[in-house]
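Nothing in this text is a laboratory measurement; each read-out follows from the coordinates by a stated rule. Because the structure is predicted, anything quoted here is derived from the model rather than measured. All Cβ positions, even for glycine, are placed from backbone atoms using ideal geometry, and neighbour counts span all protein chains on display.
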Amino acid sequence: MNRPLLLLGVAGFVSGTTIRLAEPLLPRVAEDFDVGVGRASVLIWGFAIAYGLFQLVHGPLGDRIGKLRAITIGTFAAGLACAVCATATSLPALAAFRFLSGVTAGAVIPLSLAYVGDTVAFGERQAALARYLIGTLSGQVAGPLVGGILGDAVGWRVTFLVPGVAFVLIGVLLTPTARRSPRPSRDGVPLNPLPGYARLVRHRHVRVVLGATALEGALFMGIYGYLGAFLRHEYALSYTAIGLVLASFGCGGIAYAAVAKPLIRRLGQPGLVLGGGAVVAGGLLVVALAPSWIACVPALALVGVGFFMLHTTLQTRATEMAPETRGAAVAAFAASIFFGQTVGVGIIAALLDGVGYRPLIAVSAGGLLVLATWFRLRLPELERARLGGQASAHAER
């Protein structure tokens with residue numbers, strides 16, 4: 001992995017940590033502010049709204065000023081936003097600061113994916129994305145661990161401060177590389193990105209990818225944000241133990257990333273989609289039915305393997321939706337994930353008290369299996385669109 005990709009992997013680690021940091025902290029924050037877990041979940045869905053919505057700004061900005069420059073600016077801003085979370089004196093204030101963290105941290109991972117799309121050929125791209133995922137997934141492993149361990153040891157305020165410091169440090173490391181990176185041509189990259197997004201979603205293959213991504217966000221990300229509270233409610237685990245159990249999901253993702261290249265060759269995208277959907281659904285069903293928290297550890301590791309088999313296929317297809325404005329296209333992809341997550345978290349918050357955790361986890365499992373089957377059937381259409389786009393680009397030259 002070359003130096004820019006290595007640095008982006010580290011930035012992805014910090015961003016991944018920030019995404020997952022709040023999950024084991026929800027019960028502690030709810031206790032401190034004397035609210036229910038459903039109300040405290042604003043720290044998850046508020047972050048998700050900001051993270052997703054502002055992708056639509058970060059993507060065109062990266063196309064215009066350069067992806068590495070936009071990422072570096074984002075890391076410094078995210079460091080400040082995370083740090084001020086430690087000063088919150090009320091849940092609304094903490095939610096606002098967490099929202100700002102999502103606004104700024106959201107520049108890192110999608111623009112890094114777009115950078116991979118710019119620099120790695122399509123045939124090698126899914127394996128390259130899987131390698132990049134080692135950084136982001138390690139962060140997602142660290143997020144629950146940091147949240148759980150520090151939440152027990154020193155409270156949630158110091159816990160939110162940790163990624164703030166880390167973001168600033170990685171921004172310092174990225175700055176020299178970003179300054180040396182070539183400036184992109186601004187031709188065809190308007191200041192107002194909305195017409196470009198409107199043109200993008202006119203294409204059926206784009207709507208297929210973005211629709212599948214939003215459903216994945218609703219069905220998986222929606223329920224995943226509640227697993228920490230589920231473990232606390234069902235098994236009375238400490239925050240440290242919750243973090244350790246949730247970390248097994250990221251370990252499963254890292255295991256997939258380690259064997260992604262031969263697995264991609266053997267199964268192809270159709271096999272990855274169907275196999276991933278089956279594995280993630282099976283793992284979630286085990287969690288829903290588990291008589292003990294111990295069973296959740298291997299089950300969540302399987303969920304990690306299956307989820308990223310499916311998710312990296314969606315990522316790879318997203319990098320080919322609009323190669324000429326890849327930053328904006330991948331931003332739309334990321335926005336779809338977090339829009340779906342926001343909807344999913346909101347629906348679960350409304351149903352949780354009446355339905356309970358276990359039935360909702362089981363419903364999510366079934367929905368993901370249906371989604372994977374449907375997306376598998378759409379893959380030939382997506383490949384025709386990709387090859388047709390390449391032919392048009394060559395003809396224009």
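Considering every pair of different Cα atoms, what Kirkwood radius, in Å, is found for the chain? In the chain this quantity evaluates to 20.8 Å. Residue-normalised convex hull volume from the C-alpha trace of region 12-68: 80 Å³ per residue. In vacuum, with every alpha carbon of region 144-282 counted as one equal point scatterer, what does the Debye formula give for log10 I(q)/I(0) at q = 0.15, 0.16 Å⁻¹? Two decimals, please. Ignoring solvent entirely, the Cα scatterers give -1.18, -1.20.
Start at zero, step by 5 Å, and the Cα-Cα distances of region 1-153 spread as 2, 10, 18, 22, 19, 13, 9, 5, 3, 1, 0 percent across the bins. Sorting 365-378, 18-31 by their mean Cβ neighbour count within 10 Å, with the most densely packed peptide first, gives 18-31, 365-378. Computed over region 322-377, the quotient of the alpha carbon radius of gyration and 2.2 N^0.38 Å is 1.49. Taking Cα atoms only, the orientation of helix 55-65 departs from the longest principal axis of the chain by about 40 degrees. A dipole drawn for the chain from +1 and -1 charges on Cβ atoms has a positive end, and of VAL84, THR72, ALA247 the residue lying farthest that way is THR72. Packing, taken as the mean count of other beta carbons within 10 Å per residue, orders the peptides 213-222, 290-299 from highest to lowest as 213-222, 290-299. For the chain, set up a Gaussian network in which alpha carbons nearer than 10 Å are linked by springs, and say which option among PRO270, PRO92, PRO163 fluctuates the most. Of PRO270, PRO92, PRO163, the Gaussian network model singles out PRO92 as fluctuating most. Report the far tail of the P(r) of region 232-325, meaning the percent of Cα-Cα pairs longer than 22 Å. Looking at region 232-325, the distances longer than 22 Å represent 36 percent of pairs. Computed from Cα positions, the angle between helix 239-258 and the longest principal axis of the chain comes to roughly 30 degrees. For the options GLY16, GLY155, GLY106, a Gaussian network treatment of the chain with springs between C-alpha atoms closer than 10 Å singles out GLY155 as fluctuating the most. Volume of the convex hull of region 284-397 (Cα atoms only), normalised per residue: 109 Å³. Of the residues VAL209, ALA332, PRO4, the one whose Cα sits farthest toward the positive end of the charge dipole of the chain, with +1 on the Cβ of Lys and Arg and -1 on the Cβ of Asp and Glu, is PRO4.
Full extension of the chain segment joining VAL355 with ALA236 gains 40.9 nm, where the gain is 0.36 nm per residue of separation less the Cα-Cα distance.
Relative to the dominant Cα principal axis of the chain, helix 122-153 is inclined by about 20°. Using a simple spin-label model with pseudo-atoms 7 Å out from Cα toward Cβ, THR175 and SER90 lie 3.7 nm apart. Helical runs (DSSP H, four residues minimum) scored at -39500 (n - 2.57) apiece and divided by the length of the chain put the mean residue ellipticity at 222 nm at -28000 deg cm²/dmol.
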